[in-house]
Amino acid sequence: MDMNRKRREEEHDNVDRWMVSYADFVTLLFCFFTAMYAISNVDTDKLGKFVKSMRSAFKASDTNGNAFSLIEGIQIVTPLDAEIESDLRAALGKLISGPKGGIEIKRDSRGIVISVADKFLFEPGTAKLREAARPVVDAAASALKEFPNMIRIEGHTDNTPINNDEFSSNWDLSAKRAINVSKYFVNAHGVQPERISAIGYAEYKPIAPNSTADGRARNRRVDIVVLNETEGKKEPQ
(Lines give C-alpha, C1' and ligand atoms only; values in the text may rest on other atoms or scores of the structure.)
Protein backbone atom coordinates (compact mmCIF):
# COMPACT_ATOMS: atom_id res chain seq x y z
CA MET A 1 0.00 0.00 0.00
CA ASP A 2 2.77 2.39 0.91
CA MET A 3 4.67 1.47 -2.26
CA ASN A 4 1.65 2.28 -4.47
CA ARG A 5 1.15 5.62 -2.74
CA LYS A 6 4.84 6.46 -3.16
CA ARG A 7 4.72 5.60 -6.88
CA ARG A 8 1.66 7.81 -7.42
CA GLU A 9 3.35 10.67 -5.59
CA GLU A 10 6.47 10.33 -7.73
CA GLU A 11 4.39 10.35 -10.91
CA HIS A 12 2.40 13.36 -9.73
CA ASP A 13 5.51 15.30 -8.81
CA ASN A 14 7.18 14.86 -12.27
CA VAL A 15 6.09 18.24 -13.70
CA ASP A 16 9.07 18.74 -16.01
CA ARG A 17 8.13 16.23 -18.70
CA TRP A 18 7.07 19.06 -21.04
CA MET A 19 10.72 20.06 -21.30
CA VAL A 20 11.46 16.91 -23.31
CA SER A 21 9.02 17.88 -26.08
CA TYR A 22 10.16 21.51 -25.88
CA ALA A 23 13.81 20.48 -26.23
CA ASP A 24 12.96 18.34 -29.27
CA PHE A 25 11.17 21.31 -30.86
CA VAL A 26 14.08 23.66 -30.21
CA THR A 27 16.49 21.08 -31.66
CA LEU A 28 14.42 20.85 -34.84
CA LEU A 29 14.40 24.63 -35.17
CA PHE A 30 18.15 24.73 -34.68
CA CYS A 31 18.64 22.10 -37.41
CA PHE A 32 16.36 24.03 -39.78
CA PHE A 33 18.14 27.35 -39.40
CA THR A 34 21.54 25.65 -39.51
CA ALA A 35 20.56 24.13 -42.84
CA MET A 36 19.37 27.53 -44.10
CA TYR A 37 22.69 29.11 -43.10
CA ALA A 38 24.68 26.28 -44.64
CA ILE A 39 23.08 26.76 -48.07
CA SER A 40 23.24 30.55 -48.04
CA ASN A 41 26.29 30.56 -50.32
CA VAL A 42 25.16 27.96 -52.84
CA ASP A 43 23.60 28.76 -56.19
CA THR A 44 19.95 29.70 -56.52
CA ASP A 45 19.05 26.43 -58.26
CA LYS A 46 19.97 24.47 -55.13
CA LEU A 47 18.28 27.03 -52.92
CA GLY A 48 15.13 26.84 -55.01
CA LYS A 49 15.07 23.05 -54.73
CA PHE A 50 15.54 23.33 -50.98
CA VAL A 51 12.64 25.76 -50.63
CA LYS A 52 10.38 23.47 -52.69
CA SER A 53 11.35 20.52 -50.53
CA MET A 54 10.68 22.45 -47.33
CA ARG A 55 7.33 23.66 -48.63
CA SER A 56 6.37 20.08 -49.37
CA ALA A 57 7.62 18.84 -46.00
CA PHE A 58 5.75 21.52 -44.05
CA LYS A 59 2.54 21.16 -46.01
CA ALA A 60 -0.45 21.31 -43.68
CA SER A 61 -4.20 21.97 -43.68
CA ASP A 62 -6.25 24.63 -41.97
CA THR A 63 -9.47 23.99 -40.06
CA ASN A 64 -11.47 24.10 -43.32
CA GLY A 65 -9.29 21.47 -44.94
CA ASN A 66 -7.58 23.92 -47.27
CA ALA A 67 -3.91 23.19 -47.91
CA PHE A 68 -1.39 25.84 -47.03
CA SER A 69 2.36 25.99 -46.55
CA LEU A 70 3.95 27.19 -43.35
CA ILE A 71 6.80 28.81 -45.28
CA GLU A 72 4.88 29.88 -48.39
CA GLY A 73 6.20 33.42 -48.03
CA ILE A 74 9.87 32.49 -48.50
CA GLN A 75 11.47 34.38 -51.40
CA ILE A 76 14.92 33.70 -52.76
CA VAL A 77 17.03 36.82 -52.34
CA THR A 78 20.71 36.47 -53.15
CA PRO A 79 23.46 38.97 -52.33
CA LEU A 80 23.69 39.75 -56.05
CA ASP A 81 19.97 40.59 -56.18
CA ALA A 82 20.39 42.93 -53.23
CA GLU A 83 23.37 44.61 -54.92
CA ILE A 84 21.47 45.07 -58.19
CA GLU A 85 18.47 46.58 -56.43
CA SER A 86 20.70 48.89 -54.41
CA ASP A 87 22.50 50.09 -57.56
CA LEU A 88 19.21 50.63 -59.39
CA ARG A 89 17.77 52.70 -56.55
CA ALA A 90 20.95 54.76 -56.40
CA ALA A 91 20.98 55.28 -60.19
CA LEU A 92 17.32 56.20 -60.52
CA GLY A 93 17.37 58.26 -57.32
CA LYS A 94 14.63 60.87 -57.22
CA LEU A 95 13.08 59.51 -60.42
CA ILE A 96 11.49 56.72 -58.37
CA SER A 97 8.04 57.96 -57.51
CA GLY A 98 6.08 54.82 -56.65
CA PRO A 99 3.12 53.27 -58.47
CA LYS A 100 0.97 56.42 -58.46
CA GLY A 101 3.84 58.55 -59.74
CA GLY A 102 4.61 56.16 -62.56
CA ILE A 103 8.10 54.85 -61.78
CA GLU A 104 8.77 52.21 -59.16
CA ILE A 105 11.16 49.40 -58.30
CA LYS A 106 9.66 46.26 -56.83
CA ARG A 107 10.52 42.61 -56.37
CA ASP A 108 8.50 39.54 -57.31
CA SER A 109 9.09 35.86 -58.05
CA ARG A 110 10.78 36.71 -61.37
CA GLY A 111 13.35 39.06 -59.89
CA ILE A 112 13.62 42.86 -59.69
CA VAL A 113 11.12 44.91 -61.70
CA ILE A 114 11.51 48.51 -62.80
CA SER A 115 7.99 49.53 -63.79
CA VAL A 116 7.78 52.70 -65.91
CA ALA A 117 4.52 54.32 -66.98
CA ASP A 118 4.24 54.84 -70.72
CA LYS A 119 3.90 58.62 -70.31
CA PHE A 120 7.60 58.79 -69.40
CA LEU A 121 8.64 56.86 -72.50
CA PHE A 122 6.26 57.36 -75.44
CA GLU A 123 3.72 59.66 -76.97
CA PRO A 124 0.19 58.17 -76.92
CA GLY A 125 -0.29 55.46 -79.54
CA THR A 126 3.38 55.44 -80.59
CA ALA A 127 6.42 53.28 -79.89
CA LYS A 128 9.25 55.75 -80.54
CA LEU A 129 11.17 56.62 -77.38
CA ARG A 130 10.80 60.25 -76.39
CA GLU A 131 13.85 62.36 -75.67
CA ALA A 132 12.46 62.84 -72.17
CA ALA A 133 12.61 59.05 -71.69
CA ARG A 134 16.38 58.97 -71.75
CA PRO A 135 17.11 59.82 -68.10
CA VAL A 136 15.04 56.84 -66.94
CA VAL A 137 16.26 54.34 -69.53
CA ASP A 138 19.88 55.57 -69.34
CA ALA A 139 19.94 55.20 -65.56
CA ALA A 140 18.49 51.69 -65.65
CA ALA A 141 20.72 50.48 -68.51
CA SER A 142 23.88 51.93 -66.97
CA ALA A 143 23.19 50.27 -63.62
CA LEU A 144 22.44 46.88 -65.20
CA LYS A 145 25.19 46.81 -67.81
CA GLU A 146 27.85 45.19 -65.60
CA PHE A 147 25.63 42.52 -64.06
CA PRO A 148 25.21 39.05 -65.61
CA ASN A 149 21.44 38.66 -65.13
CA MET A 150 19.09 38.21 -68.06
CA ILE A 151 16.82 41.21 -68.69
CA ARG A 152 13.30 40.92 -70.03
CA ILE A 153 11.57 44.02 -71.38
CA GLU A 154 7.78 43.70 -71.16
CA GLY A 155 5.35 46.01 -72.93
CA HIS A 156 1.85 46.47 -71.48
CA THR A 157 -1.20 48.50 -72.51
CA ASP A 158 -4.66 49.16 -71.13
CA ASN A 159 -7.72 47.59 -72.77
CA THR A 160 -8.55 50.55 -75.02
CA PRO A 161 -8.46 49.27 -78.63
CA ILE A 162 -5.94 50.83 -81.01
CA ASN A 163 -6.06 50.85 -84.77
CA ASN A 164 -3.91 53.49 -86.45
CA ASP A 165 -1.63 53.59 -89.46
CA GLU A 166 1.22 51.98 -87.54
CA PHE A 167 -0.46 49.54 -85.15
CA SER A 168 -3.51 47.38 -85.70
CA SER A 169 -3.74 46.08 -82.13
CA ASN A 170 -2.41 46.47 -78.62
CA TRP A 171 -0.31 43.35 -79.23
CA ASP A 172 1.61 45.21 -81.94
CA LEU A 173 1.99 48.36 -79.84
CA SER A 174 3.17 46.64 -76.66
CA ALA A 175 5.61 44.38 -78.51
CA LYS A 176 7.13 47.25 -80.52
CA ARG A 177 7.57 49.36 -77.39
CA ALA A 178 9.38 46.50 -75.67
CA ILE A 179 11.58 45.97 -78.73
CA ASN A 180 12.53 49.65 -78.95
CA VAL A 181 13.53 49.80 -75.28
CA SER A 182 15.56 46.61 -75.79
CA LYS A 183 17.33 48.11 -78.81
CA TYR A 184 18.16 51.21 -76.80
CA PHE A 185 19.77 49.10 -74.08
CA VAL A 186 21.93 47.37 -76.69
CA ASN A 187 22.70 50.22 -79.08
CA ALA A 188 23.10 53.13 -76.67
CA HIS A 189 24.63 51.31 -73.70
CA GLY A 190 26.30 48.20 -75.09
CA VAL A 191 24.27 45.74 -73.02
CA GLN A 192 24.97 42.30 -74.47
CA PRO A 193 22.08 41.43 -76.81
CA GLU A 194 22.08 37.82 -75.63
CA ARG A 195 20.98 39.07 -72.20
CA ILE A 196 17.93 40.88 -73.56
CA SER A 197 14.49 39.59 -74.53
CA ALA A 198 11.38 41.57 -75.46
CA ILE A 199 7.76 40.59 -75.12
CA GLY A 200 4.40 42.31 -75.61
CA TYR A 201 1.53 41.42 -73.31
CA ALA A 202 -0.99 43.95 -74.66
CA GLU A 203 -3.76 44.44 -72.05
CA TYR A 204 -3.64 40.90 -70.69
CA LYS A 205 -1.47 41.40 -67.59
CA PRO A 206 -3.06 44.42 -65.87
CA ILE A 207 -1.93 45.58 -62.43
CA ALA A 208 -5.00 47.76 -61.85
CA PRO A 209 -8.65 47.81 -62.97
CA ASN A 210 -9.20 49.18 -66.45
CA SER A 211 -12.50 50.65 -65.29
CA THR A 212 -10.90 53.95 -64.18
CA ALA A 213 -8.57 56.44 -65.83
CA ASP A 214 -6.01 55.97 -63.05
CA GLY A 215 -6.11 52.20 -63.45
CA ARG A 216 -5.66 52.41 -67.22
CA ALA A 217 -2.70 54.78 -66.74
CA ARG A 218 -1.02 52.28 -64.40
CA ASN A 219 -1.56 49.44 -66.86
CA ARG A 220 0.10 51.34 -69.73
CA ARG A 221 3.70 50.62 -68.78
CA VAL A 222 7.00 49.01 -69.67
CA ASP A 223 8.45 46.61 -67.11
CA ILE A 224 12.21 46.13 -67.12
CA VAL A 225 12.58 42.79 -65.37
CA VAL A 226 15.99 41.77 -64.04
CA LEU A 227 15.48 38.02 -63.89
CA ASN A 228 16.88 35.98 -61.05
CA GLU A 229 19.06 33.04 -62.05
CA THR A 230 16.29 30.45 -61.90
CA GLU A 231 13.78 32.53 -63.87
CA GLY A 232 16.42 33.47 -66.42
CA LYS A 233 16.61 29.83 -67.50
CA LYS A 234 12.88 29.56 -68.14
CA GLU A 235 10.70 30.60 -71.04
CA PRO A 236 8.46 33.65 -70.38
CA GLN A 237 5.19 32.71 -68.65
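Some observations on this one:
One line per residue, one yes/no per condition, for (1) without any contact (Cβ under 8 Å) to a residue 40 or more places away in the chain; (2) buried (at least 16 other Cβ atoms within 10 Å of the Cβ); (3) closer than 20 Å to residue 119 by Cβ:
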position: 153; (1), (2), (3): no, yes, yes
position: 156; (1), (2), (3): no, yes, yes
position: 169; (1), (2), (3): yes, no, no
position: 172; (1), (2), (3): yes, yes, yes
position: 199; (1), (2), (3): no, yes, no
position: 213; (1), (2), (3): yes, no, yes
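- Some residue of segment 73-87 being surrounded by fewer than 11 Cβ atoms within 10 Å (Cβ to Cβ) and modelled with pLDDT under 55: yes
- Residue in segment 175-183 that is without any contact (Cβ under 8 Å) to a residue 60 or more places away in the chain, hydroxyl-bearing (Ser, Thr, Tyr) and in contact with a strand residue (DSSP E or B) (Cβ under 6 Å, 6 or more places away or on another chain) present: yes
- The number of residues in segment 91-116 that are surrounded by 14 or more Cβ atoms within 10 Å (Cβ to Cβ) and within 17 Å of the chain's Cα centre (by Cα) comes to 12.
- Leading residue by the ranking (surrounded by the most Cβ atoms within 10 Å (Cβ to Cβ)) among those in segment 117-128 that are of a type in the set (A, V, I, L, M) and touching a helix residue (DSSP H, G or I) at 6+ places or on another chain (Cβ under 6 Å): 121
Yes/no per residue for (1) of a type outside the set (D, E, K, R); (2) at pLDDT 85 or above; (3) under 26 Å from residue 175 (Cβ atoms):
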| position | (1), (2), (3) |
| --- | --- |
| 100 | no, no, no |
| 106 | no, yes, yes |
| 109 | yes, yes, yes |
| 120 | yes, yes, yes |
| 124 | yes, yes, yes |
| 140 | yes, yes, yes |
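The values are calculated or read from the model by the stated rules, or taken from the named source; none is laboratory data. Owing to the predicted nature of the structure, the values given are computational and were not obtained by experimental measurement. Cβ atoms come from the backbone with ideal geometry, glycine included; neighbour counts cover every protein chain shown.
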